1. Let me spell it out: the conditions are (1) assigned to a helix (DSSP H, G or I); (2) surrounded by fewer than 18 Cβ atoms within 10 Å (Cβ to Cβ), and Gly663 meets all of them except one. Which number is the exception?
2. Consider Ser606 carefully, then state whether it is farther than 30 Å from Asp301 by Cβ, in the same structural domain as Ala581 (by TED's automatic domain parsing) and either modelled with pLDDT under 95 or among the hydroxyl-bearing types (Ser, Thr, Tyr) (or both).
3. Would you pick out the residues in segment 172-196 that are part of a loop (DSSP other than H, G, I, E, B) and of a type in the set (A, V, I, L, M, F, W, C)?
4. Go through segment 409-429 residue by residue and tally those that are over 27 Å from Asp208 (Cβ atoms) and out of contact with any helix residue (DSSP H, G or I) (no Cβ under 6 Å at 6 or more places or on another chain).
5. Out of curiosity, is Ser2 at pLDDT below 90 and more than 19 Å from Ala388 (Cα to Cα)?
6. Answer yes or no: is there a residue in segment 25-45 that is in contact with a strand residue (DSSP E or B) (Cβ under 9 Å, 6 or more places away or on another chain), under 21 Å from Asp106 (Cα atoms) and at pLDDT 50 or above.
7. Out of the residues in segment 50-71 that are β-branched (Val, Ile, Thr) and part of a loop (DSSP other than H, G, I, E, B), which is nearest to Glu373 (Cα to Cα)?
8. Suppose we filter segment 677-701 for residues that are touching a strand residue (DSSP E or B) at 6+ places or on another chain (Cβ under 8 Å) and part of a loop (DSSP other than H, G, I, E, B); how many remain?
Amino acid sequence: MSHDLNPGLSRRGFLATTGAAAGGLMVSFHVPLAQAQTSAVRAGTPEVNAWVVIKPDDTVVIRIARSEMGQGTLTGLAQLVAEELECSWARVTTEYPTPGQSLARDRAWGSFATGGSRGIRESHEYVRKGGATARMLLVQAAAEGWGVPVAECSVASGVISHAPSGRKTLFGRVAAAAARLTPPDPASIVLKDPSTWKIAGKRLARLDTFKKTTGAQDYGIDLTLPGMLNAAIKDCPVFGGTVKSFKAATILRRRGVKKVVQVGPSAVAVVADTWWRAKSALDALPIEWDLGPNATIAQADIRQTLQGGLEGEATAVGNSQGDAAAAISGAARKIEAVYSYPYQNHATLEPMNATARWTPQRCEVWVPTQNGEAALEAAAEAAGLPPAQCEVYKQYLGGGFGRRGRNDFVTQAVQIAKAMPGTPIKLIWSREEDMQHGFYHPITQCKLTAGLDANGNIEGLHMRISGQSILATVAPQAMKDGKDMLVFQGLAASGPEASLGYTIPHLLIDHAMRNPHVPAGFWRGVNLNQNTLYLECFIDEIAHASGQDPLALRRKLMVNHPKHLAVLEAVARRAGWGTPAPTGVFRGLAQTMGFGSYVAACAEVSVSAEGKLKIHRIVAATDPGHAVNPQQIEAQVEGSFAYGLSAALFGEITIKDGAVEQGNFDSYPVMRLADMPAVETIVMPSGGFWGGVGEPTIAVAAPAVLNAIFAATGKRIRELPLRKQDLKRA
């Protein structure tokens, strides 16, 4: 699909017109009221600045551009703004600005993308300045109203005070005057030291908990609009295939059916008054597919393709120091292992959906998306309209995990809506469609070779990763040599995402790009997941092969990596490493650094004589630099293990005749309560940096368990999912 926007606006041009790509944002903290398009302004309440609206009753509306999908970003960002604003937390509520409003206001809210655990760590500074700016304007307005110097005024919990005269006022009384003032230069704003935080850094209840736990929260799939119709869609079962023909007349007389629409080259949709009638009609619709050149590909073919990448020349080198080949060939002992990691689906509880209304003059989309700006771009392209004539209204997400960073379902919804101008059309994917037409966790294999000296010290290490480049699917124009695989998995030689945590004299980490026809995409934790598994399990192999305690070996290798070592030592102490575990229970360790944070885990497992695995306990530590809400971090870590262990135990997408074999949760099971271990979380922010929380911990889930399984059984498991492995003792 082309990424060009009509008329003649490229993706690069779109980003240029909306300010700048993420990472180089010029953020406006105050926009004249005449330009404001938010709901608060439409209701007659002036905004103090782009981030803060104060209503006359002192309700504080904080605008959040990032997406809330269960990870708590909405509450965390609100805490940061409220901290600098000095408002009462009890008065805080939130709203989403729209990407169309942001486009019209020179990208006033910065990035709308939520992924890579970047929601807080990439926007904390400018959202805090937004809160600080609003506070300064409110205090200035009060001071001018009283005719006193600003320096004599103070503010706390939304109350502005002038101590010499004893006068006080509330935010709501001066908000309108504050909105008319010229804001200070953002460069002049001094933010609070985290040690003085009163709202940020505290264990506050999430703002979205009540509605979600009572069932009152609406998600994208719940949306209703006047006159709305529903659509079900079926895409070609084989990636790369197309629609050859279909017989619409056979179903058009069915009850409730309004229209049959071909969607792009490869899909057909049915529009009806209810979604079930649309789906039932679609199931009865005769469709002839052109399955294309990929229809004969089997899982074994993909495996063989990856195996071919384990030898020979690399496509990209991510990390190289010394001469690993020479060190390994001259070593007293060589250890080698091959690991593999499968395709995995995101399996969000809410399947993909979007509601669109199109006319020749305007296109509107209501959608749960991780990237509002990308959704606006997709809508404009599909609508054939300039972005200024389109709008996206972000809905709450029933799970994202990276899948809703793509907007293929937005494109489809708009294409269907164009067939029925002026009518809102809600497109909902069936679970089978969602399972079989995703952008999957990339499949990879890894060959690890280590050379040890006579004392068991690692002299050289070579990691050869063979597998897909995510950018080959997501943004082929940005992919050059496959190095993105190494960058996204924390194995590049430099940068904030790159740190193995081990000092090895001679090291080579490289990648052989092999791109099967199955589309890969960003999946919670991205490639850090499999590569932490590869490295941490292999370090464990080396420790046992050389007669060393796994913790002791890591300690030797981590002398120059104190933050890595600190989280590892924390879990070892809490778990009781070195002391006897309960009878029949065995422990395994893993650590990594990813998304700017340092994490480690110790798993305690048992394996019965029949090979039944029980994960009893996980102790996890995380150092994200700054902890905006420790309670939220603990919940995130627990959720990360639920997701990571679910993938390790059950998650596998396989290919037969070019198509995904799994269709629903019966063939792609996920973790249930009975499988979930107790999780003890150690939050240990060391300050000085901002790391992510939602994704890094996933990476240590599987390797910690696999290392514990070896301790329990003496058997190395080098391939997931565990449900397909024989875990009986060796």
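The values are calculated or read from the model by the stated rules, or taken from the named source; none is laboratory data. All of these numbers come straight from a predicted model, not from anything done at the bench. When we count neighbours, we look across all protein chains shown, and the Cβ atoms used for this are built from the backbone with ideal geometry, even at glycine.
1. The number of the failed condition is (1).
2. Here the answer is yes, as Ser606 does meet what is asked.
3. Leu181, Ile189, Val190, Leu191
4. Qualifying residue count for the region: 9.
5. yes
6. Among the residues of segment 25-45, not one is in contact with a strand residue (DSSP E or B) (Cβ under 9 Å, 6 or more places away or on another chain), under 21 Å from Asp106 (Cα atoms) and at pLDDT 50 or above, which makes the answer no.
7. Residue satisfying both the conditions and the ranking: Ile64.
8. Of the residues in segment 677-701, 10 are touching a strand residue (DSSP E or B) at 6+ places or on another chain (Cβ under 8 Å) and part of a loop (DSSP other than H, G, I, E, B).
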